[in-house]
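Below is one structure, written out as structure tokens, with a few remarks after it.
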Amino acid sequence: MTPFVLFLGVAVFQSTLLYQLSIGGVKPDLFLLLLFFLSLSLEADLASFLGLLFGLSQDALSGGPLGLKVFSLSLMGFLTAHFSEKLYTTAILPRFMLLALIAVLSGTTTLLLLRFFLDLDPLLPTFLRIVLPEALLTTVVGLLVLVFLKMRGALEVKP
Amino acid sequence: MFLRFILRHRQVAVLSTILLFSFLLLTFQVRQVVPAIDFTRKVLLISLSPFLRATTFVVSVVTSVWEEYIDLRNLRQENRRLKEELERLKGEVKTFRESELENQRLRTLLELKGQTPTKVIAARVIGKDATNWFKTIVIDRGSESGVRRNMVVIAPGGLVGRILEAMPFSSRAQLLTDPASAAGALVQRSRTTGVVAGYQGLTTRLKYLPLFADVAMGDEVLTSGMGGIFPKGIPIGKVAWVRRPTGALFLEAEVTPWADFSKLEEVLVLAELPGQETAWNPSQGNEGHL
């Protein structure tokens, strides 16, 4: 029940109020953030499937082609779940670094897919204008969530 | 044997299937509009749009309650100031009556010139694009209110974009700054034509200008009417800069849109235009989408 409510909240917040917090027209990717935190405690195949659902929703709420975020989010869900198995500590730093990596990878995957399928804006300027700021914002918001979870003692090592 | 292999590598198999599925989805959409994919997209958006509408409503209610509270605190001071202002305004009303009469006369002249008025549908913006890659908005009017795909969306400043898809009670509009958007454009001063296309979701670029075209900073840019979607003469924006890249075939110019797309709250959808009824046929031309 809680993940569904969180998902609904993220979907609505991402497409209504979040633009007011955007910097230079770029906002953090809350879908990716929620997927990241859920995938930390999931099996890789389940995390991929969750990425599929999140991606479909994000694509439906966007003007882009259906399947664009499905691809990147299911891949990121898989990678998060896979790498989280290697985290034998509840420290914030490794999770923060993993989130930063996932955020940059997610943006880069989307950029490459867009370039391949739609041949839109040039690679490097778009990477610097959208991918990096988005990854930075997502990671900063993620860090706040990590600190909050750590304070509540909710960061666990995967069994 | 194969089944055992799949079971052993279940996680990779699931991921590969999903990636293949999304890759195929993308491939089909690039080649043509697939009704099943379009339908799926609409179902997903329709199911989420009530929540978007509710959130926008709650936020506007909370904002107005807060503003009223602030207003109450300043009420006493404002009351005194308003009484003084009232006396001043009484004098101005006499002047405005004269202006109103003049305005009525001019409006009658304009009506004669325009012959048929354009029907518009007013809509409230209830959602923005969920990604940083595309620039679209969701409005609270859909096919039930007469909104159709490719209808033109404007704001008081000028052109906003076009309707990308119309659901029964909401629609998605593609902004001019969307990287996949394009509109035939005309430089008002020199009558040079080009194509205004979205660039990185922030601004727009005026493309396909001849190398020696007469375009300068500050020139006003309007829709040219070519392409069959956007009618001629809607303000797009002002030329911010012009560049002549060495070895290039065309001039490059950046156009700053009139309308501030990040602060859009209400828009108008042009429902019909005199003599351009066929312009709403989505199968026509490539203008509006690169």
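The values are calculated or read from the model by the stated rules, or taken from the named source; none is laboratory data. For clarity, every value in this text was computed on a predicted model and none was experimentally measured. Every residue, glycine among them, receives a Cβ derived from its backbone with ideal geometry; neighbour counts consider all protein chains shown. SASA here: full protein model, heavy atoms, side chains in, ligands and nucleic acids out. Shrake-Rupley method; radii C 1.70, N 1.55, O 1.52, S 1.80 Å.
Quick notes on this structure:
- The trypsin sites (Lys or Arg not before Pro) found in the range A:1-95 that occupy coil by DSSP, while having at most 14 further C-beta atoms within 10 Å, are A:Lys86.
- Computed in the context of the full set of protein chains, the accessible area of the range B:115-249 at 1.4 Å probe radius has 56% of its extent on carbon or sulfur.
- Computed per residue of chain B from DSSP H runs no shorter than four, each worth -39500 (n - 2.57), the mean residue ellipticity at 222 nm is -13500 deg cm²/dmol.
- Average beta carbon contacts from partner chains per residue of A:53-60, 10 Å cutoff: 5
- Under the span-like rule (Cα at least 30 Å along the axis, Kyte-Doolittle mean at least 0.0), DSSP H helices of chain A: A:92-118
- Relative contact order of the range A:91-143, defined on C-alpha pairs under 8 angstrom at six or more residues apart (%): 50
- Computed about its Cα centre, the charge dipole of the range B:118-275 is approximately 220 debye, with only Lys, Arg, Asp and Glu carrying charge at their Cβ.
- In chain B, Cα pairs under 8 Å separated by at least six residues give a relative contact order of 16 percent.
- Nearest-ten-degree value, helix B:10-31 long axis tilted from longest Cα axis of chain B: 50
- Along its three principal directions, the equivalent ellipsoid of the range A:2-151 from the Cα gyration tensor extends over semi-axes of 23, 17, 16 Å, largest first.
- Cα shape, chain B, gyration tensor, a/c 1.5 rule: oblate
- Per residue, in Å², the accessible surface of the range A:60-159 once ligands and nucleic acids are set aside, probe 1.4 Å: 45
- Solvent-accessible area lost on pairing A with B (1.4 Å probe, both sides summed) amounts to about 4600 Å².
- Taking the protein heavy atoms of the range B:1-59 in the context of the full set of protein chains, the accessible area attributed to carbon and sulfur is 75 percent at 1.4 Å.
- Positive minus negative residues near A:Ser22 (Lys, Arg vs Asp, Glu; Cβ under 15 Å): +1
- Residues of the range A:104-122 that bury at least 40 Å² of accessible area once all protein chains are present, compared with their chain alone (1.4 Å probe, heavy atoms only, ligands and nucleic acids left out), are A:Phe117, A:Leu120, A:Asp121.
- Radius of gyration (Cα atoms) of the protein assembly as shown, expressed as a multiple of 2.2 N^0.38 Å: 1.14.
- Unsatisfied cross-links (Cα-Cα over 26 Å) in the set A:Lys27/B:Lys119; A:Lys150/B:Lys135; B:Lys42/B:Lys232; B:Lys42/B:Lys207; B:Lys119/B:Lys232: A:Lys27/B:Lys119; A:Lys150/B:Lys135; B:Lys42/B:Lys232; B:Lys42/B:Lys207
- If you bin all the Cα-Cα distances of the range A:46-122 at 5 Å, starting from zero, the percentages per bin are 3, 16, 22, 22, 17, 10, 6, 3, 1.
- Computed over Cα pairs, the Kirkwood radius of the range B:118-275 leads via Stokes-Einstein (1.002 mPa s, 20 °C) to a diffusion coefficient of 136 µm² per second.
- For chain A, adding -39500 (n - 2.57) for each run of n ≥ 4 DSSP H residues and dividing by the number of residues yields -22500 deg cm²/dmol at 222 nm.
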